[in-house]
Amino acid sequence: MSITSRLIVSTALAFATTISYAAPIVLTFEGIANNTAVGNFYNGGAGINYGISFSPDTLALIDQDKFAPGGGDAGNFANEPSPDTIMFFLNSNNAILNYSAGFEDGFSFFYSSATRGSVTVWDGLNGTGKLLGTLSLSVQNTLNCVGDPTGEFCNWTPLGITFDGRARSINFGGAADQTGFDDITFGSEIAGGKPKPVPLPATAALVVVGLLALRRKN
Ligand SMILES: [Ca+2]
Ligand SMILES: [Ca+2]
Ligand SMILES: [Ca+2]
């Protein structure tokens, strides 16, 4: 292999590294039973094991339209981003998400709220350490609504932030009881995650490499 072709190979590898990054993690809460604690569902439970745990008063809630009329104490919501399950906190003093491995770059979710509130991002576990960011929630749960077919918490707004450092916990205590969450997203400020980057087609990559090679000769 000549020095020229080694240079071309290293250029191609650099391209591959630049255009690939970890896909954001999105928690949809699908698969958790109605009025059941989220708890360790995503921490070695029945869901994907992300090492993400929720404090005890965190419940999954399923849209009441999924049940027969009068068929239980289910969710009064509509138009949830990923049907039919959302998450909410019963107790504002105990509304913590811990992500032991931590995450970077961004945090986001969809919410529907009947009260103003805030959600905070921390670099330590259990809402401790350095405050990395605050997301402010407004009262918007009934705005511009049509049901699916019914539910008063029918407007869901994406909300997200970017931050520096590595986050390990979220405190939802400023938004408990009157706020629903869905598609909680780690690693992106866009709720539900960014579209996956499209890898360069092989032919396009070869053209780029070829052009670089041509330029190097000049
Ligand atoms: Ca629904
Ligand atoms: Ca509904
Ligand atoms: Ca969902």
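The condition of being in contact with a Cys (Cβ under 9 Å, 6 or more places away or on another chain), modelled with pLDDT of 95 or more and of a type outside the set (Lys, Arg) holds for only one of Phe54, Phe77, that being Phe77. Is there a residue in region 126-139 that is open to solvent by less than 30 Å² (accessible area, probe 1.4 Å) and farther than 24 Å from Ser53 by Cβ? No, region 126-139 contains no residue that is open to solvent by less than 30 Å² (accessible area, probe 1.4 Å) and farther than 24 Å from Ser53 by Cβ. Consider Phe103 carefully, then state whether it is within 16 Å of ligand 2 (Cβ to nearest atom), within 22 Å of Gly51 (Cα to Cα) and open to solvent by less than 60 Å² (accessible area, probe 1.4 Å). No: the conditions fail for Phe103. Looking only at region 58-90, how many residues end up being more than 9 Å from ligand 2 (Cβ to nearest atom), open to solvent by less than 50 Å² (accessible area, probe 1.4 Å), touching a residue at least 60 places away in the same chain (Cβ under 8 Å) and not β-branched (Val, Ile, Thr)? Qualifying residue count for the region: 6.
The values are calculated or read from the model by the stated rules, or taken from the named source; none is laboratory data. None of these values were measured; they are calculated from a predicted model. Please note: Cβ atoms are built from the backbone with ideal geometry, for glycine as well, and neighbour counts cover all protein chains shown. These accessible areas exclude ligands, DNA and RNA; they are computed on the full protein's heavy atoms, side chains included. Shrake-Rupley method; radii C 1.70, N 1.55, O 1.52, S 1.80 Å.
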